[in-house]
Every structure is written in structure tokens, then in C-alpha cells.
Amino acid sequence: MEAVLRKFARKVILSQRFSPHDMYANLEEKFQAYGYREAPHDIEKILIISLNAIGDNVLYSAFVRELRKNYPRSYIAMLATPLVYPLLENCPYVNKIWKLEYAPHESVTDYFPRFVEFACQHLLPQSFNLSLCVQWSDDKRPMNLLAYLSGARQRVGISDKSIMAYNENFRLIDQWEFLLTQPVMTPTELTHEAERALYVLKAMGKNITDTETELWLDNTDYYNAAKLTGGLSSYIVLGIGAGAANRKYPLDKWLLAMREIYDRYQLPFVICGGPGEKEDGDFLTAQMPEGSLFNLAGKTSLRETAALIAGAYCYMGNVTGVMHMAAAAHTPLITLFREAQMRAEAPAGVFSESTRFAPWQAKAVVLQPDKAQGDCLHTVAYGGCKEDYPHCIAQIDPQEIVQAFAYAAKHFH
């Protein structure tokens, strides 16, 4: 089968054209002939495919745990990107985790040959019986393709048509659902990403006993985090980064809130993030009293960041994967959304960032602008803000952050 796949991949490389329907027509009979579509003779072998970002994978941790409960003796493997791999490395519910290079918006003709080679080397030798793809939206094609290339007899994922349940006039984009054997339609009343992932198991007839998310850290992560902070007994983790410019709260406003919180509570701040946040962290450090802020942006691994958050008095920041880490660690948190409470009418389960990615089952204070600004008030856009700079989110007053912290200090500790 490996030779058949590699031959088809060479055709794609030479022609620079890929059709999933041509692939299916050329390969499905071969998969059947080589026995990949037969029922398992011994234990189930299950593959979870998750090429998502950090926050998505934190939210899917409940799914992974509940899957293991339903398949206690099965071999379970997981596939993730190198960025997210460290966060999953200590997962106690899987037997194997692989890394696969993939970048969003990468062309199919670029990633298809790489996926084929990965399948030939790692997936086909395992003879998986079941492949699972639990991402609800965005581009599901890479995961549906990998599920197919894995050779799995059963291929379960969320249906492209789930979005149509919110509005039948939505434009349906072909994300190669036909490569799945069981496309799952998620109910419209489920609007959070964690809920939708868990529903895939329900659709398979399995039981869910716990919906909490988890972090999988070890003692070394906590030890390194303590060293980085010089052994601080209590601190606030500050997340100033975000994946989009309009999700970033302005630094000058952060500064006003931070100064007042430090004056009142004498709790130092620790900035976590990637190298891209270092310059902003240095700016804030220069404006704050000496010893009140430690800029660790670009200095921590992903798991060390998670350990810092797990040991924090509170997390404050924009909506990022780090915020979902705080929720999973049961750290009280204050998070700022760009999405205004009053904005253009849009289905909450599709375009509402504050609904789909709210802190999951956390002690949290969520801050949002009261009303969208300018064109954003009448524009249906994911997250509610259409500008490419801190726009709607900038309306949140620093005093709201101070008041939110006072509430968290009183009620969450």
C-alpha cells in the first residue's frame, strides 16, 4: 500500500494538481484489497488527529481523557504539530504522540506529499481501526485527509454541514467530508468548542463522565518555573500577546491597571509569552516600579509557561491559548475579549468568539466592550471586530480590570 500511495503522491508533485475525488477513486479499492477496511481481530487501534493551535488542544484534553475511559485497553495515538507537541507529551491517556509539520493556509499540493510519506512511515504500519477528527470549524481538510491516509476503517469527524444548522444560507465549503465514514452533526445548542469535541464521543454511543480540561505537566516544569521567578510565593501572570492585533489590549491601558493593582495588593506581575512579546514586556517593565514586573517573554517553554500559570495567584490577559491553560489549571483569571456585547446580529455558535472560546469551567471574570465601534457594529465578522489593530477592545476601561481583580481577590481566593 505504501508504494501505491507514494506513486500517487509523485503524480501530484509532477502535475501540481490535487483532487480528493481522484485520490479516492484511485486508492479506495487498494485500501480494501490490502485489508485496511476490515474489522479488527484484536485490540482497537485509535488515532486522534489534532493539527490545531494551543488553546484548541487544551480544550480537547477532556475529549482525550474520556476517549481513554471508553477504550481502556485500546492502543491510542495522537498526531499534533511541533508547536503543540510539548503540551501533549506527558498525556497519560495515549500510547504514542507524533509530530507532523503543518502550517495553516499551506497549499494542498505542498502538504499532500508530506502527509503521504508520514502515513507510509508511521500510520499504515499501525493498522488503525478508528481515526478521530474533532475540530469543529476552520479548515478541516488536512485532518480529514490524514484520517483517510491512515487506512482506518472508521473515520469519524465533525460534519461540514454543522454550520448550516445555524443558518441554511451559509455558504458550504467542501472540506472533503466524503473521506469520513461518520460525519457528526453537532447540535446548535452546543456552542463551546470543548462541548463539541465531547459530543463526537456521544455521537459514537460513548459515555461522558467528566468535562473538565487538564494540563499534563511534570515536576521539572514546576521546578523550572520556580527558578525563573526567583521563588516568588505569589504573583500575577500577565498575557499581553494574542494571535491577532485586534485581540491585543493596548499597553498604555494595561499599564494604568497594573500600577493600581500593584499599589493596592503589592503582587508582582510575570509576563509570559513568545519572543514577539519581549519588546512590549520591556516597555512595561521600564514603566513599572522596580521589582514589580518580571518579563519572561521568550524565556519559557510551553510547559514552563503552563507551570507558571498553575502556580499563579491570578492570570490576566487577552484571549489566547495561554488563557485556556489558566482555566485548565484552575487558576483564577481575568480575560479581555475584543467582541462587544452589542454588535451585529450573528449566530453565537459560529461567529461569537466569546461564546465558542469562553474560559471553560473556570473561576473567571470576562471583560468585553459594551458596544462595537464604527463599522464593526453593523458587520458580521468572527470575533466582532473587523479592524487589524486594537479597536473595539480598546474601549475596556483600565478601571474595569482593577475592579475585576478586586472581585477575583475577594471571591476566588
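Quick check on my filter: what residues within segment 359-399 are crowded, with 18+ Cβ neighbours inside 10 Å, more than 20 Å from Ala327 (Cα to Cα) and touching a Leu at 6+ places or on another chain (Cβ under 8 Å)?
Ile393, Ile396, Pro398
Please work out if Arg356 is surrounded by 18 or more Cβ atoms within 10 Å (Cβ to Cβ), of a type in the set (Lys, Arg) and either modelled with pLDDT of 90 or more or in contact with a Phe, Trp or Tyr (Cβ under 9 Å, 6 or more places away or on another chain) (or both).
yes
Between residues in segment 251-280 that are in contact (Cβ under 8 Å) with a residue 40 or more places away in the chain and outside the structural domain of Met323 (by TED's automatic domain parsing) and residues that are crowded, with 17+ Cβ neighbours inside 10 Å and among the β-branched types (Val, Ile, Thr), which pairs lie under 7 Å by C-beta distance while being six or more apart or on different chains?
Every condition considered, no pair remains.
Can you pull out every residue in segment 153-182 that is surrounded by fewer than 19 Cβ atoms within 10 Å (Cβ to Cβ), modelled with pLDDT under 95 and of a type in the set (Val, Ile, Thr)?
Ile173
Go through (1) more than 21 Å from the chain's Cα centre (by Cα); (2) touching a residue at least 12 places away in the same chain (Cβ under 8 Å) one by one and return the number of the condition Leu146 breaks.
Status for Leu146: all satisfied but (1).
When the residues of segment 317-350 are filtered to those that are touching an Asp or Glu at 6+ places or on another chain (Cβ under 9 Å) and under 16 Å from Glu193 (Cα atoms), which remaining residue is surrounded by the most Cβ atoms within 10 Å (Cβ to Cβ)?
So the residue we want is His324.
State yes or no: is Ala226 outside any loop (DSSP other than H, G, I, E, B), at pLDDT below 95 and assigned by TED's automatic domain parsing to the domain that holds Ala307?
In short, yes.
Picking from Ala408, Ala372, Ala381, which residue would you name as being of a type in the set (Gly, Ala, Ser) and modelled with pLDDT of 95 or more?
Ala408
Considering (1) closer than 25 Å to Pro347 by Cβ; (2) crowded, with 21+ Cβ neighbours inside 10 Å, say which one Leu215 fails and leave the rest.
Failed condition: (1).
The values are calculated or read from the model by the stated rules, or taken from the named source; none is laboratory data. Note that the structure is a prediction, hence the values are computed from the model and not measured. In this analysis, Cβ positions are derived from the backbone assuming ideal geometry, glycine residues included, and neighbour counts consider all displayed protein chains.
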